[in-house]
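Some notes on the structure that comes next.
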Amino acid sequence: MSDALRLQALTLPVGELAPVDKFYRWALAMKPAEEAGDAARALGWGHEDRLRLVDAAADPDAEEGVTLRLSTRPLEGLVDWLAERGLSPASARVPPEDADAARAAWPGADVFVLDDDVEANRLLVSVRGPDEPRLDLFAPLPKETLVARKRMGPFTWKTKDWKGLEVPGLLGVELGSPEPGRLTDFLESVGLEPGPGEEPDAPLAAGDHQVRIAEREPAGIYGLAVVVGESRVKDIARTLETLEAEYRHEKNRILAADPAGRVLLVHGVHGR
């Protein structure tokens with residue numbers, strides 16, 4: 001099994017939070033998924049996929065992020081995995097039982113404790129590659145670790161290894177980099193795999209999710225793709241019309257621009 005199982009969340013700083021929040025809630029029927037504070041929104045569809053919007057005016061340190069779900073492992077396994085790749089996290093979020101060991105393993109990282117029991121079945125570390133965005137790595141703890149700690153759930157996040165698409169949910173992300181080859185090498189080192197096809201710009205894959213990389217400056221997230229049931233596509237087009245958004249609709253696909261200028265691709269799948 002590949003280390004990087006799926007794309008789980010995107011973090012997007014925006015100049016004005018309200019219109020972007022409205023755009024995604026109305027167009028994609030997303031709802032608040034977790035507490036995010038006054039200067040941010042965490043939107044989802046009721047499962048695990050997340051779109052986190054951060055008000056860049058209220059938080060000058062806001063930065064883009066891509067969250068990948070890794071295969072299950074304990075803290076010591078994640079420590080070794082990162083060390084093998086020469087990576088040291090800038091920050092880490094861990095259950096209380098792992099806090100001391102995390103601080104000892106990563107003395108240069110800001111370590112935060114996950115006090116809420118429903119969150120305490122996971123590790124989340126943030127690392128940096130050659131370009132933006134920040135990469136957040138989500139690793140569920142093994143069942144035997146949770147049983148030994150008498151943590152049986154329920155949990156916000158699935159404990160077992162899994163990959164696949166949520167419908168509706170995230171499908172992919174497009175990244176820009178001044179040196180796409182260097183960013184590609186970095187992402188492959190953390191478990192993304194070359195996608196099918198021989199094209200030089202073929203996307204990388206994290207399970208069924210795609211990560212496209214284009215030569216662009218500045219580096220960062222330029223677009224995202226979501227998957228919905230095919231029956232929803234026409235409704236989304238009508239909502240975009242109401243929002244007076246720029247978009248193009250062809251059969252089961254919509255290409256639009258959100259109020260922050262990022263590209264949104266909506267792909268409808270049959271029977272969902």
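Readers should treat all values here as calculations from the given coordinates under stated rules, not as data from a laboratory. What you see is a predicted model; the values in this text were computed from it and never measured. Counting neighbours? That spans all protein chains shown, and the Cβs are built from the backbone with ideal geometry, glycine included.
Histogrammed with a bin width of 10 Å, the alpha carbon distances of the range 38-137 distribute as 13, 43, 36, 8 percent, first bin at zero.
Fewest Cβ neighbours within 10 Å first, please rank His267, His209 accordingly. Can you show the working numbers first?
Working: His267 15, His209 27.
Arranged by neighbour count, lowest to highest, His267, His209 become His267, His209.
Return the Rg/Rh value of the chain, two decimal places, where both radii are evaluated on C-alpha atoms and Rh is the Kirkwood radius. It would help to have the intermediate numbers written out before the result.
Details: Rg = 18.5 Å, Rh = 19.3 Å.
Taking Rh as the inverse mean 1/r over Cα pairs, Rg/Rh reads 0.96.
Using a simple spin-label model with pseudo-atoms 7 Å out from Cα toward Cβ, Trp162 and Ala104 lie 3.5 nm apart. This model, with +1 at the C-beta of Lys and Arg and -1 at the C-beta of Asp and Glu, gives the chain a dipole about its Cα centre of some 980 debye.
Remark: relative contact order (the range 4-148) = 24 percent; criterion is Cα-Cα distance under 8 angstrom and separation of 6 or more residues. For the chain, lysine pairs separated by 8 or more sequence positions, or belonging to different chains, with Cα-Cα distances below 12 Å total 4.
Please list the three semi-axes, largest first and in whole Å, of the ellipsoid equivalent to the range 169-269, using sqrt of 5 times the eigenvalues of its alpha carbon gyration tensor. Before the final figure, lay out each step's value.
Numbers: eigenvalues 149, 52, 19 Å².
Each semi-axis is √(5λ); the values are 27, 16, 10 Å.
Count charges around Ala40 for me, please; just the other residues with Cβ under 11 Å from its Cβ, Lys/Arg as +1, Asp/Glu as -1. Could the numbers behind the result be given before it?
Values: positive: Arg41, Arg52; negative: Asp21, Glu34, Glu35, Asp38, Asp55, Asp59.
Every neighbour counted, the sum reads -4.
At q = 0.19, 0.22 Å⁻¹, what is the base-10 log of I(q)/I(0) for the range 70-129 according to the Debye formula with one equal point scatterer per Cα and no solvent? Please give it to two decimals. Debye curve over Cα of the range 70-129, log10 I(q)/I(0) at q = 0.19, 0.22 Å⁻¹: -0.62, -0.84.
Taking 0.36 nm per residue of sequence separation and subtracting the Cα-Cα distance, how much length would be gained by fully extending the chain between His267 and Glu84, in nm to one decimal?
Values: separation 183, 0.36 × 183 = 65.88 nm, distance 3.72 nm.
Contour length minus Cα-Cα distance gives 62.2 nm.
Using a simple spin-label model with pseudo-atoms 7 Å out from Cα toward Cβ, Arg216 and Arg134 lie 2.1 nm apart.
With a cut-off of 8 Å between alpha carbons and a minimum separation of six or more residues, what is the relative contact order of the range 16-89 in percent?
On the way: 62 pairs, mean separation 14.9, N = 74.
That works out to 20 percent.
The angle separating the long axis of helix 75-84 from the principal Cα axis of greatest extent in the chain is about 70 degrees.
If I stretch the segment between Asp201 and Arg238 completely, what's the gain in nm (0.36 nm per residue apart, minus their alpha carbon distance), one decimal?
On the way: separation 37, 0.36 × 37 = 13.32 nm, distance 3.24 nm.
That pair, Asp201 and Arg238, stretches by 10.1 nm at full extension.
Relative to the longest principal axis of the chain, what angle (0 to 90°, nearest 10) does the C-alpha long axis of helix 233-242 take? Result, in degrees: 70. About its Cα centre, the range 169-269 has a charge dipole of approximately 420 debye under the convention of +1 per Lys or Arg Cβ and -1 per Asp or Glu Cβ, with nothing else charged. What does the charge count near Leu87 come to, summing +1 for each Lys or Arg and -1 for each Asp or Glu among other residues with Cβ under 14 Å from its Cβ? Result for the local shell: -3. Once the Cα-Cα distance is subtracted from the 0.36 nm per residue extended length, the Glu230 to Arg248 segment shows a gain of 4.9 nm. The simple spin-label model puts a point 7 Å past each Cα toward its Cβ; for Arg149 and Glu16 those points are separated by 4.3 nm.
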